[in-house]
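Values quoted throughout were computed directly from the atomic coordinates according to the rules given, and no laboratory measurement underlies them. Because the structure is a prediction, the values reported are computed rather than measured. No Cβ is skipped: glycine too gets one built from the backbone with ideal geometry, and neighbour counts run over all protein chains shown.
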Amino acid sequence: MLGGVPTGKVRYDNLKAAVSAVLGFTRARTESARWTAFREHYGVEAFYCQPGIKGAHEKGGVEGDIGWFRRNHLVPIPEVGSLDELNEMIDRWDEADEGRRIGARARTVGEYLAIERPLLRTVSQGPFETGLLLPVRVDRYSQITVRTNRYSVPARFIGRQLRVMLHASHLIVYDGQQVVAEHDRLFAKGGRRLELDHYLEVLIRKPGALPGATALEQARAAGKFTPVHDTWWAAACKAHGDRDGTRALIEVLLLARHLPTEHLVTGLAAALRAGALTADAGRPGGPQSR
């Protein structure tokens, strides 16, 4: 947003993500390892405000602007569908704010920024990786444990050592340099986030485990396993028996790895109308009759 890094000291109010401990009545601080890595990456020199009332005058202007932003944009609290949507809204508000004039100052926020921008130091390195890289082992349930919560990975990795890049709102699982799973992050303790697709190779050998699977329940809740899937499954079980009908459904779900979900659902709906209850029913150009 700024287009560079300030060349002088940047004032901070002892934020907990950066400051592990305030040392006496001085400005010396024990910093967190990630914050130190961030500062060194961008060459930022931090100046920490005095804690409490003593430091109030050192940050008044910043806190005043934060209060203005909150009152004008976050009251009432905006309703959004995701953190990404909120961040996009904030970016638009920031851009609009460049046309604002603070008090009786001669120039707008954007005009002052244009004057200061050439004074910023350019960033020679790439973006700083804010995620935390953690080693994990896949248990016999094809799950990894990250900060008290469990997340699924493809069953072929059971017993393997993988790596997780943990971000504020999501996590990415790697096998070497290959991404093998991605999940939205859970924040309550003891939760599980399971992807039905990760278990298909196991379920096709044990189709009786599918009806009560937690991964299926979560897929339904997320809208990934639709009423069309359920209707086709019931029809296939009626035609072929529970075991073979469920196995046919799992084979259909495996097609989703190579087809957009909406195409697969459309194919299943067409197959239902035609009475096509074989494993390739969801494939484009698949059978139109039993």
Next on the checklist: Please compute one quarter of the surface area of the Cα convex hull for segment 198-274 and express it in square nanometres.
Outcome noted: 4.8
Checklist entry - Residues with beta-carbon under 12 Å from that of residue 138, excluding residue 138: net charge, scoring Lys, Arg +1 and Asp, Glu -1? => result +4
Checklist entry - So, with +1 on the Cβ of K and R and -1 on the Cβ of D and E, and no other charges, what is the size of the charge dipole of segment 198-274 about its Cα centre, to the nearest 20 debye? => result 80
Checklist entry - Once Rh is set to the Kirkwood radius over Cα pairs, what Stokes-Einstein translational diffusion coefficient, in µm²/s, holds for the chain at a temperature of 25 °C and a viscosity of 0.890 mPa s? => result 102
Checklist outcome for this item: Per the helix-only model, the chain has a calculated mean residue ellipticity at 222 nm (DSSP H runs of ≥4, -39500 (n - 2.57) each, divided over all residues, rounded to the nearest 500) of -10500 deg cm²/dmol
Checklist entry - Using alpha-carbon pairs under 8 Å, 6+ residues apart, how would you state the relative contact order of the chain in percent? => result 10
Checklist entry - If you line up the long axis of helix 227-240 against the longest principal axis of the chain, both from Cα atoms, how many degrees apart are they, to the nearest 10? => result 20
Item to check | Sparse-neighbourhood loop sites, chymotrypsin sites (Phe, Trp or Tyr not before Pro) in segment 80-129 - DSSP loop, at most 15 other Cβ within 10 angstrom | outcome: 128
Checklist entry - Roughly how many debye, to the nearest 20, is the charge dipole of segment 9-119 about its Cα centre, given +1 on each Lys and Arg Cβ, -1 on each Asp and Glu Cβ, and no other charges? => result 660
Checklist entry - In whole Å and largest first, what semi-axes does the C-alpha gyration tensor of segment 132-193 yield when each eigenvalue is scaled by 5 and square-rooted? => result 16, 14, 9
Checklist entry - Which value, in debye to the nearest 20, describes the size of the charge dipole of the chain about its Cα centre when Lys and Arg Cβ atoms bear +1, Asp and Glu Cβ atoms bear -1, and nothing else is charged? => result 800
Next on the checklist: Which one, 145, 81, 62, projects farthest toward the positive side of the charge dipole computed for segment 1-156 from Cβ point charges (K/R +1, D/E -1)?
Outcome noted: 145
Checklist entry - When all alpha-carbon pairs of segment 98-239 are counted, what percent fall beyond 26 Å? => result 48
Item to check | Residue-count net charge about residue 20 - beta-carbon cut-off 10 Å; Lys, Arg +1, Asp, Glu -1 | outcome: +1
Next on the checklist: Could you tell me the center-to-center distance, by alpha carbons, between segment 202-267 and segment 130-176 in angstrom?
Outcome noted: 25
